[in-house]
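Read the structure below first, then the notes.
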Amino acid sequence: MAYEYLLTALPPLPDQPGSALPISAETLREMIKFEEHELSEFTEHLLRAIDVQNLEFFDLDKEHATRKATEPVEGIRDQKDLPAWMKQGLVATSDIVLDAYFKQLMAFLEERGAEELMEWFRWEIGLRNALVGHRARKIGIPPDPYYVAPDFGLKSIEYTSVFNDLKELDPQAEPFAEDRFIAQVMLGRLKSATPEYAFDFTEIIGYVIKFLILARVEYLSE
């Protein structure tokens, strides 16, 4: 199925991490809802990452940075009427909720036979955990409590070249240099993994994932 109308209606997303997003998560979700059910369902599962990020923002007293995605922001703040996977993690930390997010997402993708998307998230989960290990070693704490869905991610050795480049960065020159670099790595890999101007399901999903990557680091513009 082609999605020419939707892709031409969606505003182009910036390529620079830290750039302002031209569309809200809520508007993106509503626009995709007009398409067939499968695309909307996949998007719904992906955008739950924004809900997890909102929980983290509340933990950090950054309510101004929250944005509505699949759950009302007020419900997340007050921890009311939330889905079961999110409630289970709320007794602990936002890391536990993120762990639950990836586990339910991977279960959904496996059920739908979305192997290409599963491969992307195996890579993303592995990168996240490799970064956790890298940062934990720098400050001398055990990383294990902060890993998310470790059974699904690739092994840290897969990211050797990424961390070789990361060592060359000077965090004193730019406090968030590591965050910007990792976002650029993710955007680069996503661009090579998703088609352009194919107007198909994969391109739409690639758009949603790019939105999530950029939303995660929008604070870099501050």
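The values are calculated or read from the model by the stated rules, or taken from the named source; none is laboratory data. In this text the structure is predicted, and so the values were computed from the model without any measurement. Note that each Cβ is placed from the backbone with ideal geometry, even for glycine, and that neighbours are counted across all protein chains shown. To get the accessible areas, we keep the full protein, side chains included, count just its heavy atoms, and leave off ligands, DNA and RNA. Shrake-Rupley method; radii C 1.70, N 1.55, O 1.52, S 1.80 Å.
Among the residues of region 24-39, write down those that are closer than 18 Å to residue 4 by Cα, open to solvent by 20 Å² or more (accessible area, probe 1.4 Å) and within 17 Å of the chain's Cα centre (by Cα).
29
Out of curiosity, is residue 168 open to solvent by 60 Å² or more (accessible area, probe 1.4 Å), in a loop (DSSP other than H, G, I, E, B) and in contact with a Lys or Arg (Cβ under 8 Å, 6 or more places away or on another chain)? Full working, then the answer.
Working: open to solvent by 60 Å² or more (accessible area, probe 1.4 Å): yes; in a loop (DSSP other than H, G, I, E, B): yes; in contact with a Lys or Arg (Cβ under 8 Å, 6 or more places away or on another chain): no.
It is false that residue 168 is open to solvent by 60 Å² or more (accessible area, probe 1.4 Å), in a loop (DSSP other than H, G, I, E, B) and in contact with a Lys or Arg (Cβ under 8 Å, 6 or more places away or on another chain).
Taking the options 136, 173, name whichever one is aliphatic (A, V, I, L, M), part of a helix (DSSP H, G or I) and more than 19 Å from the chain's Cα centre (by Cα).
That would be 136, the only listed residue that is aliphatic (A, V, I, L, M), part of a helix (DSSP H, G or I) and more than 19 Å from the chain's Cα centre (by Cα).
Here are some residues: 82, 117, 60. Which one is surrounded by 20 or more Cβ atoms within 10 Å (Cβ to Cβ) and not small (Gly, Ala, Ser)? Give the steps one after another, and end with the answer.
Details: 82 fails: surrounded by 20 or more Cβ atoms within 10 Å (Cβ to Cβ); 60 fails: surrounded by 20 or more Cβ atoms within 10 Å (Cβ to Cβ).
Just a single option satisfies the conditions, and that option is 117.
Looking at region 192-210, which of its residues are among the polar types (S, T, N, Q), assigned to a helix (DSSP H, G or I) and under 22 Å from residue 18 (Cβ atoms)? It would help to see each step written out before you state the result.
Here is the first cut: in region 192-210, the residues among the polar types (S, T, N, Q) are 192, 194, 202.
From what is left, the residues that are assigned to a helix (DSSP H, G or I) are 192, 202.
If the condition is that a residue be among the polar types (S, T, N, Q), assigned to a helix (DSSP H, G or I) and under 22 Å from residue 18 (Cβ atoms), then 192 is the only one that fits.
Restricting the search to region 13-23, which residues are touching a residue at least 24 places away in the same chain (Cβ under 8 Å) and either touching a strand residue (DSSP E or B) at 6+ places or on another chain (Cβ under 6 Å) or open to solvent by 50 Å² or more (accessible area, probe 1.4 Å) (or both)? Step through it out loud before you land on a result.
Step one: filter region 13-23 for residues touching a residue at least 24 places away in the same chain (Cβ under 8 Å), giving 13-15, 17-21, 23.
Across region 13-23, the qualifying residues are 15, 20.
Could you grab me the full set of residues in region 24-35 that are without any contact (Cβ under 8 Å) to a residue 60 or more places away in the chain and part of a helix (DSSP H, G or I)?
Answer for region 24-35, where residues must be without any contact (Cβ under 8 Å) to a residue 60 or more places away in the chain and part of a helix (DSSP H, G or I): 26, 27, 29, 30, 31, 33.
Looking only at region 36-73, which residues are touching a helix residue (DSSP H, G or I) at 6+ places or on another chain (Cβ under 6 Å), acidic (Asp, Glu) and in a loop (DSSP other than H, G, I, E, B)?
Matches in region 36-73: 71 only.
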